[in-house]
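The values are calculated or read from the model by the stated rules, or taken from the named source; none is laboratory data. The structure presented is a predicted model; accordingly, all values stated were derived computationally and were not measured. Cβ coordinates were reconstructed from backbone atoms using ideal geometry, including for glycine residues, and neighbour counts include every protein chain displayed. Note: accessible area is taken over every heavy atom of the protein model, side chains too, but ligands, DNA and RNA are not part of it. Shrake-Rupley method; radii C 1.70, N 1.55, O 1.52, S 1.80 Å.
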Amino acid sequence: MFTKILIANRGEIACRVAATARRLGIRTVAVYSEADAGAKHVAVCDEAILLGPAPARDSYLRGDRIIEAARASGAQAIHPGYGFLSENAEFAEVCAAAGLVFIGPPAGSMRAMGSKSAAKQLMEGANVPLVPGYHGDDQDPQLIQREADRIGYPVLLKASAGGGGKGMRVVERSEDLQAALASCKREAISSFGDDKVLVEKYLTRPRHIEIQVFADTHGNCVYLHERDCSVQRRHQKVLEEAPAPGMPAERRAAMGEAAVAAARAVGYVGAGTVEFIANQDGSFYFMEMNTRLQVEHPVTEMITGTDLVEWQLRVAAGQPLPKRQDELAIHGHAIEARVYAENPEKGFLPSTGTLRCMDTPAHAAFALGGDAAAPAAVRIDSGVRAGDAISPFYDPMIAKLIVWGADREQALARMAQALAEFHIVGLATNIAFLKRLVEGDAFARADLDTGLIERNHASLFPPAAPAPLDALALAGVFLAASGNPASPAANPADPWAGTHGWRMNGSYRRVLSFADESSAAAGGDNAYRIGLTYGRDSWTLDAQGASHALQLVTDDGGRLAIRLDGRAVRGTVRRDGDVLHVFCGGAHHQLAWNDPLAHAGEHEAAGGRLTAPMPGKVVAVIAANGQAVKKGEPLVIMEAMKMEHTIAAPSDGLVEEVLYQVGDQVADGAPLLAFKAA
Ligand code: MV4
């Protein structure tokens, strides 16, 4: 086995590979770009080498620098992860020439699967089922017309060198074929530099079912069953699961054997995925083979109790596969959701910026922490931590959330709960969208096909709902009490020790106003005003036209348990500047707090007085009588609600008279100083 490997990737896959290497006692070398000097994958590896500037072509795609880094660090092998150089046959050859093991298939297998039409010809010879179609070298338009007419409409034209849905045209009628063919060829030559096309019968409601295969250098090849990746959006997978719902054992074996035949036909070694397209009736056809470890491999690991990166390392080191086909049973059900920094309400536009806060679901294991044979119920593979940036240079994936259940129903319930507990502040994410998707009818019934998201557009993109009472109550409690909960160390009987705002002489009422940023983003303009009247150890909450009894039960750093009219309510509040992010009931509400103190005095200069925006104590007087000041200069500092608030000059002007001294108690609305704007 290797003693040191280089991981030629970044993000979650680099961290995931590092986790297995660590478990096996293999040292790891990270490579990174200038944008990733502080990245998690650099931190989790034993060594790290800078490749170059942020753009991938200057860093993660620089095969020459990666090989240099491997040699300089004494690594024996290179794990390419997925994307970047993982399916680059030339890079695999250059590694071998440099005496390094490329942890992936032989260059010949990659090349054989690189061209769609050549791969289909090979598959035909290996008796792997193909969609009725034409994939010959003769590209005569009249021949293609005859073939399309023979296949029967609708047909699909595909660029032979294409992938990911690019260079495809559906043709409904014979008379439309020539125009579509010309346009498909134009796109193929400009996108892939090769205008070869193939023709296939077009399946109207297909499922994407792929088989994980593994081969070693001793002639063994097994399948680790299927994944259903039908839930996609513009050819980007959104949810993946294993096993495929409704898959009978005989079809599973038939697809598995077809996938092994496909791998053997190209002399495959290592981890690979054979992609099939399946009709609703279960008939299936070879589409393409991905000659790498895939993003969605964890669902296979969970149901088979394997560590596929460990298998990759063993195979690359010349060892035989750890298990035989008859030892690979399916245990339970696993689902993966890809959590992205993107905005579903804005056409899934990537969202870049700093991940200010990331609360992950309770009891989640990170990247296979623990025993592969006894999978954690919830696993998170992530390459970022709170404080990290999602930059425009790379894929904006934040994490993969993978859950396991004894059956699909349990896995689904765990996924919904885990999504509700996954809190992100600082960036727009697809978490709420994912939650609607897994809780939706179509996915729950496993009515899967590649059109699921588009067909259910209305229920997946509901109009923004106003923040519920629970969210307002949590926000109110957070501002009134969180961060300074009544300390159990203080004498609980001492009315002066509390921080709840209770007054001996009369109750104290506070009005808080919020703008709902979550629904404003979707076109609404909800504003809320709530009243909090402080009692001895509770509040009366006035909101949505009624009064409610409100109590704080526990506050674990913003994770609040409250009682609202006697009902237990839980939620988490995270503050980012003026915005309170309230997570409750599985939803994320963004309430922009209109803090009167934050902008104290801004509108008051006209009246010539600056007033106390809240009751409090003067803790510092900075301005002197008769002093000329510039706009924004601090004049007086007050303390209220255990926080300091600066009253600043609203404009350039003259401080005529300061009306209070340090230590004075000031009533709400009391003039603090006489001020004359310049
Ligand atoms: C098809 C098809 C229907 N009929 N081929 C899209 C990407 C490429 N990997 C294959 N693709 C398709 N090929 C025939 N003969 C429909 C698709 C397709 C699709 C396939 C898998 C997952 C999602 C998809 C979304 C749209 C279209």
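Nearest 10 degrees is fine. How inclined is helix 141-151 to the longest principal axis of the chain, computing both from alpha carbons? Its long axis makes an angle of about 80 degrees.
So between residue 54 and residue 465, what do we pick up on full extension, going 0.36 nm a residue minus the alpha carbon distance?
144.0 nm
Label sites at residue 174 and residue 359, each approximated as a point 7 angstrom past Cα along Cα to Cβ, lie 6.4 nm apart. Go ahead and collect, in residue order, the members of segment 261-288 whose backbone nitrogen is under 18 Å from a label point 7 Å along the Cα-Cβ direction of residue 317. 270-271, by backbone N distance to the label point. In straight-distance terms, cross-link reach from residue 4 covers every one of the lysines whose alpha-carbon lies under 24 Å from its own, apart from those fewer than eight places away in the same chain; here that gives 40. In this Cβ point-charge picture (+1 for Lys and Arg, -1 for Asp and Glu), segment 4-103 has a dipole of about 380 debye about its Cα centre. Here segment 1-61 is assigned +1 on the Cβ of each Lys and Arg and -1 on the Cβ of each Asp and Glu. Its dipole about the Cα centre then comes out at about 300 debye. Please work out, to two decimal places, the log10 of the ratio I(q)/I(0) at q = 0.06, 0.07, 0.09, 0.10 Å⁻¹ from a Debye calculation in which every Cα of the chain carries one identical scatterer. Normalising to I(0) and taking log10 leaves -0.46, -0.60, -0.87, -0.99.
Short to long, the 10 Å bins of the Cα pair-distance histogram for segment 4-103 hold 18, 57, 25, 1 percent of all pairs. A straight line joining the Cα centroids of segment 30-84 and segment 224-246 runs 30 Å. What a 1.4 Å probe finds exposed on segment 4-103 is 49% carbon and sulfur by accessible area, rounded to a whole percent. The portion of the accessible surface of segment 609-677 made up by carbon and sulfur, rounded to a whole percent, is 49 (1.4 Å probe; DNA, RNA and ligands excluded).
Net charge dipole, the chain: roughly 400 debye, given to the nearest 20, about the Cα centre with Cβ charges of +1 for Lys and Arg and -1 for Asp and Glu. Based on alpha carbons, the Rg and Dmax found for segment 609-677 are 10.9, 31 Å.
Spin-label pair residue 455-residue 639: with each label point 7 Å from Cα along the Cα-Cβ axis, the two points sit 6.4 nm from one another. Excluding same-chain neighbours fewer than eight residues apart, the lysines reachable from residue 617 by a Cα-Cα span under 23 Å are 642.
Ordering 410, 442, 125 by Cα displacement along the dipole of the chain toward the positive end leaves 410 in first place; charges were set at the Cβ atoms of Lys, Arg (+1) and Asp, Glu (-1).
Within segment 279-347, what whole-number % of the accessible surface is contributed by carbon and sulfur, with the 1.4 Å probe and all protein chains included in the calculation? Ligands and nucleic acids excluded, carbon and sulfur give 45 percent.
Separation of the alpha carbons by more than 28 angstrom is noted, of 158/237; 185/435; 323/435, for 185/435; 323/435. Can you tell me the orientation of helix 177-192 relative to the chain, as the angle in degrees between its alpha-carbon axis and the longest Cα principal axis, to the nearest 10? Approximately 70 degrees, to the nearest 10. Rg and Dmax over the alpha-carbon atoms of segment 132-201 stand at 10.6, 29 Å. For the charge dipole of the chain, defined by +1 on Lys and Arg C-beta atoms and -1 on Asp and Glu C-beta atoms about the Cα centroid, which residue among 646, 634, 566 has the Cα displaced farthest towards the positive pole? My answer, from the dipole projection, is 566. Distance between the pseudo-spin-label points of residue 186 and residue 149 (7 Å out from Cα toward the beta carbon): 2.5 nm. With all protein chains kept in place, the per residue accessible area of the chain amounts to 42 square angstrom at a probe of 1.4 angstrom.
Work out, step by step, the length gained on full extension between residue 444 and residue 554: first 0.36 nm times the residue separation, then minus their alpha carbon distance; give nm to one decimal.
Separation in residues times 0.36 nm, less the Cα-Cα distance, equals 36.1 nm.
Determine which residues of segment 1-45 fall in the zone a paramagnetic label at residue 220 would reach in this model, i.e. backbone nitrogen under 18 Å from the point 7 Å along Cα→Cβ. Counting backbone N atoms under 18 Å from the label point, the list is 1-2.
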